[in-house]
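The values are calculated or read from the model by the stated rules, or taken from the named source; none is laboratory data. Being a predicted model, the structure only gives us computed values, none of them experimental. We place every Cβ from the backbone using ideal geometry, glycine too, and count neighbours over all the protein chains shown. Quick note on the areas: whole protein, heavy atoms, side chains included, nothing else; ligands and nucleic acids left out. Shrake-Rupley method; radii C 1.70, N 1.55, O 1.52, S 1.80 Å.
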Amino acid sequence: MVMTERTRKKTRPAATRPRRKPAARTVVDNSLQQLQAEIDQKVVQLTESNRQLKRKIFDLYTIFEISRNFNAVLKFQTLLDSFIFTCLGQVGASRGAVFLRRDATTDKLHLVMAKGSGSIPAENIGIDPQSRLLTYLAGLNRPVPVGDLISDACTPEELTILGDFQSGLAVPLIYQTRLIGLLLLADKISGRQYTMDDIEFLSILANQIAVAIENARLYEGEKMAAMQLRNLQEQLLQSERLAALGEMSAKIAHEVNNPLGIIKNYLLLVRRTAEEKPEAIKHVAVVEQEIDRIAGIVRQLLDVHRPRPPIFSRVNLTLVIGEVLALMERPLSSNSIEVRTVFAENLPDVLGEPDNLKQVFLNLVINARDAMPDGGSLTIATTFDEDWVRTTLCDTGPGISPEIQPRIFDPFFTTKEPGQGTGLGLSVCYGIIKYHNGSISFRNTEQGGCFEILLPTVKKGVERDAGN
Ligand SMILES: Nc1ncnc2c1ncn2[C@@H]1O[C@H](COP(=O)(O)OP(=O)(O)OP(=O)(O)O)[C@@H](O)[C@H]1O
Ligand SMILES: [Mg+2]
């Protein structure tokens, strides 16, 4: 018989088999159980750290992607929009609001954007970045539960704003070491608490957005400065060009004026000698009429460029405009044009030549009438501050296309049919307003065309003269 290990074991006499003591077996079993429990616990811990690691990688990847996008977005509103959406989406907040300085001139932080459901703080409440609360938040430089911040030390404005986010988080937006804004998040949609992961995520994101906000601000500031510079250069060019044109026109007008006077005198003589000949008298009348027309143009040209020093007196623009409207009442109503006036009360006087200012408003009202052959409305409004009186004349006509806008103040620029306009009206207005140290500009509005005239108040005029 071939003996196998099994049979050998079976056949081993009982006396030779090693006997395990029951107490020792229990000790081993317990150790094994303990080991198993430790292993199980380690597995749970590892699974949890694995989950956390995965979430961290996911968050970091998201942050990386988002900050890449943030840095590419230079438009402020788009940037804020995507920031709030990301925060709400990523941590599951029900509502979010961002507070920033509205522009470089304001110190306080105001609501600039809010998303989500529920009540949103009023836009006009400002919070001071130097306040105790915000200085504290800036020092911490990490998200804090809003509930922990509400205290007696808060200003009433802060309490109003924080009150809407009581169970949420306050996330300071810090650029370098400066607090440039604040993000407030309301509670989570799920009703759960914010986790450490959420706080870490928001903290990193807040740093990224702060840099992106400053970048976008710098970019927009530069864009604005470049635009202002371009506008100034254009204005300078235009006023130099108009000054040169005005000067030339005035010289021509002056030269034309003398022979015109001589022609007119001689024509009187011709009229006298031709008294017996009705046909000749008729021809003389036509010549006289045309001479008067030329004289009118010459007068206007001389107004564009003022060779003599102006004689100013105090002028009440409300009265001046009223006189112009009285004069134009019939032509306007017969063209079905309704006039609305919104005159400021106690409008300060300006220093000027009343007749010439009247001519400015007359030209503008005539232009408005011509721009609305089928009727419409003309709104004339005055407003003022300490230094300037502003008058706007807005019509419901077609406006002026951007291509020709730069030329409308040029002498002889007209889009009217020959014989309908000389193209001198606006250049006369420009010349008159210029020597009143004011400005005249045009812009299209949704309703039509709008001229705006700024004239210095008497106070400003006197101050300037005293400075000279
Ligand atoms: N309110 C307006 N709406 C639309 N276009 C306007 C308006 N005012 C002026 N314009 C445009 O500007 C051009 C120049 O105006 P300007 O008053 O200098 O000359 P004009 O009215 O054509 O002729 P004039 O005033 O010498 O009789 C006009 O021909 C017209 O094309
Ligand atoms: Mg005109």
Next item on the list: Return yes or no: is PHE412 open to solvent by 60 Å² or more (accessible area, probe 1.4 Å), within 21 Å of GLU234 (Cα to Cα) and either within 10 Å of ligand 2 (Cβ to nearest atom) or among the hydrophobic types (A, V, I, L, M, F, W, C) (or both)?
Entry: yes
Margin query: So CYS429 ticks every box in (1) within 10 Å of ligand 2 (Cβ to nearest atom); (2) of a type outside the set (S, T, N, Q); (3) modelled with pLDDT under 90; (4) assigned to a helix (DSSP H, G or I) but one. Which box is left unticked?
Written below: (3)
Next item on the list: Output the number of residues of segment 202-240 satisfying the condition of being more than 30 Å from THR106 (Cβ to Cβ) and either touching an Asp or Glu at 6+ places or on another chain (Cβ under 8 Å) or open to solvent by less than 60 Å² (accessible area, probe 1.4 Å) (or both).
Entry: 2
Notebook entry, point to check: How many residues are part of a loop (DSSP other than H, G, I, E, B) and either within 11 Å of ligand 2 (Cβ to nearest atom) or not β-branched (Val, Ile, Thr) (or both) when one looks only at segment 395-409?
Noted result: 8
Next item on the list: Please list, ordered by first then second residue, the pairs with beta carbon atoms under 6 Å, 6 or more apart or interchain, first in segment 282-303 and under 13 Å from GLY261 (Cα atoms), second open to solvent by 70 Å² or more (accessible area, probe 1.4 Å).
Entry: ILE291/LYS264
Item checked: For ALA344: the one exception among (1) open to solvent by less than 30 Å² (accessible area, probe 1.4 Å); (2) within 12 Å of ligand 2 (Cβ to nearest atom); (3) farther than 15 Å from PHE451 by Cα -> (2)
Checklist line | Failed item in (1) more than 12 Å from ligand 1 (Cβ to nearest atom); (2) at pLDDT 95 or above; (3) more than 29 Å from ARG299 (Cβ to Cβ); (4) of a type outside the set (S, T, N, Q), with PRO398 passing the rest | finding: (1)
Note to self: ARG101 - would you say it is open to solvent by 70 Å² or more (accessible area, probe 1.4 Å) and either on the phi > 0 side of the Ramachandran plot or not aliphatic (A, V, I, L, M) (or both)?
What the structure shows: no
Notebook entry, point to check: Could we say that GLY376 is surrounded by 18 or more Cβ atoms within 10 Å (Cβ to Cβ), away from ligand 2 (no atom under 16 Å from the Cβ) and on the phi > 0 side of the Ramachandran plot here?
Noted result: yes
Check: Can you find even one residue in segment 409-420 that is touching a residue at least 60 places away in the same chain (Cβ under 8 Å) and more than 12 Å from ligand 1 (Cβ to nearest atom)?
Finding: no
